[in-house]
Amino acid sequence: MAGILPPVFLIFSLGTSVVYSGSHTLHYDVTIVSAPTPGVPRYLVSMYVDGVQYGRYNSDTCHAEALYPSLGALSEHIEKQTQYAQGYEMRQRRRLKSLNGYLNKTRGNGNIYQRRLACELYEDGTIGGYEEIAFDGQELLVYDKERVVYVPVTQEAEMLSFIWNIRCGPTDTKIYMENDCIEHIKLYLPYISTDLERKVPPNVNISSSESESGTKLHCRVYGFYPRDVEVKWIKNGRDEIHSEEAAQILPNPDGTYQIRVSVGVTPDKNSNYSCLVDHNSLETPIIVTFVPNNGRSHLYFIIPVSVIFLLLLIILGIFIYRKQMTKDSHGSHECVSISGESLNTDARPKAQEEQITHSSPEGLENSDEILRKVEKRHYPFYIKQVLKPQ
């Protein structure tokens, strides 16, 4: 269902009229789904006053419901709306069936028919209104109240508009807009005027994103009421930047609204960009200047410094290692020299001494004398080995 309903709701969100000071609008959104979908009613009606949802009806509950406690006092009126919605459901289902046949659609595809009907009561007492018909996310017909006809939006709907004007009573639509619908506005206003007159200032958040096409700036404005708001990007405090995307004002669950305006820019050192927000809850517009994220430039600085520091650590480690190796090498030579002296001065075998004594006493005496001189002068071990008598 998530892949079907959003396009249809998008069609009608584009058609929401601007509510001017002192004027009021009541509109109904009617949605019918041809195939059952888990968690989604097959028939749904939502009622809005000045863009705020105050009531609803669906085929699961089969009962009209006021969403604000202030309308709870209109219990008799709500019951009448329940009866009307139940009868209206049958008529709208027949229209969906006709559309399926005319547009060669099958029920198994989960087709969606949606209708929005609105009446407007202006400050000077004049009355306006409009109606839109959409099918599977595509707008087909709009109602021209002055000419009292349904007008095709697409070429496909030209023949459909002819049939609709014959069978669906465009005159009855005008009568409803100028009578029952306006009476409902007058009925509801005393109960919801406090809600309608409240003013909630907007919150503003700006950000940026990078892509292959360049830099895009986003200004998100949210949590404001009433619905009307002006949001735009300006360059160097004066030049408005045109947005290629159609920004939509969307409702929040708490009755406030949100909007996001995005623009593509080419940043440079001599330009600054700001988001300007004007709302009737503000004494002066909010201007938030975009500050580029310098994290990337900081990264360019941090990386070379880190590499240099790492190289210094490696060089220092090599230096300490080589110095330690040199020190260990000297220490092992001294150890061998000392052990050598001990081994060759104190551990001469007695059998060898006796053999030398018997064969050449004078030679032994001379050798011993030379060894004593060598030991006193601390000659290296290998010299003492050479001087040893054989």
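Rule-based calculations on the coordinates, nothing more; no lab input. Here the structure is a predicted model, which is why all the values come from computation and not from measurement. All Cβ positions, even for glycine, are placed from backbone atoms using ideal geometry, and neighbour counts span all protein chains on display.
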note = Amide H neighbours of GLY110 at under 5 Å, excluding residues fewer than 5 places away on the same chain, with H built from the backbone geometry, are ALA35
ask   = Which whole-Hz ³J(HN,Hα) couplings does the range 279-293 yield from phi under the Karplus relation 6.51 cos²θ - 1.76 cosθ + 1.60, θ = phi - 60°, glycine and proline marked x?
value = 8, 6, 8, 10, 6, 9, x, 8, 10, 10, 8, 6, 10, x, 6
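Calculate the dipole size of the range 5-197 relative to its Cα centre from +1 charges on Lys and Arg beta carbons and -1 charges on Asp and Glu beta carbons; express the result in debye to the nearest 20. Could you put the intermediate results ahead of the total?
Values: 17 positive and 24 negative charges, 208 e Å.
Charge dipole of the range 5-197: 1000 debye, to the nearest 20.
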task = Just order 179-190, 25-36 by mean Cβ neighbour count inside 10 Å, highest at the front, would you?
result = 25-36, 179-190
note = If amide H atoms are modeled at 1.01 Å from N in the peptide plane, then the residues at a separation of 5 or more from LEU140, or on another chain, having amide H under 5 Å from its own are ILE133, ALA134, PHE135
key: Rounded to whole Hz, the Karplus (6.51, -1.76, 1.60) HN-Hα couplings of the range 26-43, x for glycine and proline   = 10, 9, 10, 10, 10, 10, 10, 10, 6, 10, x, 9, x, x, 10, x, 6, 9
note = Phi-derived 3J(HN,Hα) across the range 199-207 with the Karplus relation (6.51, -1.76, 1.60, θ = phi - 60°), rounded Hz, x for Gly and Pro, is 10, 10, x, x, 9, 10, 9, 10, 8
ask   = Long-range amide H contacts for VAL149: which residues qualify at under 5 Å (H placed 1.01 Å from N, peptide plane, sequence gap of 5 or more or a different chain)?
value = ASP144
query = Size of the dipole of the range 99-150 about the Cα centre, Lys and Arg at +1 and Asp and Glu at -1 on the beta carbon, nothing else charged, in debye to 20?
reply = 480
request  = Could you tell me the distance between the Cα centroids of the range 225-264 and the range 129-152, to the nearest Å?
outcome  = 27
ask   = If you place +1 on the Cβ of every Lys and Arg, -1 on the Cβ of every Asp and Glu, and leave all else neutral, what size is the dipole of the range 203-293 about its Cα centre, to the nearest 20 Debye?
value = 140
